[in-house]
Amino acid sequence: MMRRLLAVLLTLLLAGCGSAPSGTSGFVGGDGTITRLAPDQRPPAPAIRGTTLEGAAWDSSSAAGKVIVYNVWGSWCAPCRAEAPALVAASRRTAEVAVFVGLNTRDLDTAAPKAFVRSFGVPYVNLYDPDGALLLEFSGQLPASAIPSTLLVDPQGRVAARIIGETTEATLVGLIEDLS
């Protein structure tokens with residue numbers, strides 16, 4: 001029952017970006033608000049295990065000891081397209097200390113998100129999460145409530161920050177430097 005309630009709540013939260021994966025009508029985007037948690041207030045991040053857009057398995061334990069940057073996106077989301085170059089640049093600038101992971105959601109198949117990744121030259125892993133199951137793993141801790149959203153996990157494995165809406169390279173690099 002609790003899992004079903006969480007699924008309904010997540011669906012309502014995700015509905016903020018658009019009423020359908022194929023367009024942006026009805027889009028309600030975030031404003032780039034950043035929430036940072038003090039170290040003693042950071043909840044443990046969930047273990048994330050998923051399948052990449054290419055069909056390979058990925059597990060967050062492979063990034064232990066580094067900052068993990070989870071970016072929730074959809075190929076149909078205009079702000080996601082707008083922020084993609086910033087994410088790519090930040091991932092390259094912080095590659096020594098951070099691992100970026102895209103959480104592709106609400107795309108009905110992998111063709112459009114694969115084209116998005118190719119088009120923007122995204123160098124990091126992207127997990128295919130069409131029904132939001134991976135996002136449910138963050139519920140009750142620091143849930144993403146809009147698309148795009150970005151969650152940062154500190155090297156100790158705790159949820160440390162959230163950005164609701166489009167972000168910038170400078171913001172991401174600054175947050176990562178603060179956490180590493």
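The values are calculated or read from the model by the stated rules, or taken from the named source; none is laboratory data. All figures in this text were calculated on a predicted structure; none of them were measured in a lab. Cβ sites come from the backbone with ideal geometry, for glycine too, and all protein chains shown count toward neighbours. Areas reflect the complete protein model, heavy atoms only, side chains present, ligands, DNA and RNA absent. Shrake-Rupley method; radii C 1.70, N 1.55, O 1.52, S 1.80 Å.
Considering the stretch 145-159 alone, what residues qualify as being in a strand (DSSP E or B) and among the hydrophobic types (A, V, I, L, M, F, W, C)? The answer is LEU151, LEU152, VAL153, VAL159.
Considering (1) at pLDDT 95 or above; (2) part of a strand (DSSP E or B); (3) open to solvent by 30 Å² or more (accessible area, probe 1.4 Å); (4) closer than 17 Å to PRO43 by Cβ, the lone condition that ARG162 does not fulfil carries the number (1).
Here ALA82 meets each of (1) in contact with a Ser or Thr (Cβ under 6 Å, 6 or more places away or on another chain); (2) in contact (Cβ under 8 Å) with a residue 40 or more places away in the chain with one exception, condition (1). In the stretch 5-20 there is no residue matching the filter, namely being part of a loop (DSSP other than H, G, I, E, B) and either of a type in the set (D, E, K, R) or at pLDDT 90 or above (or both).
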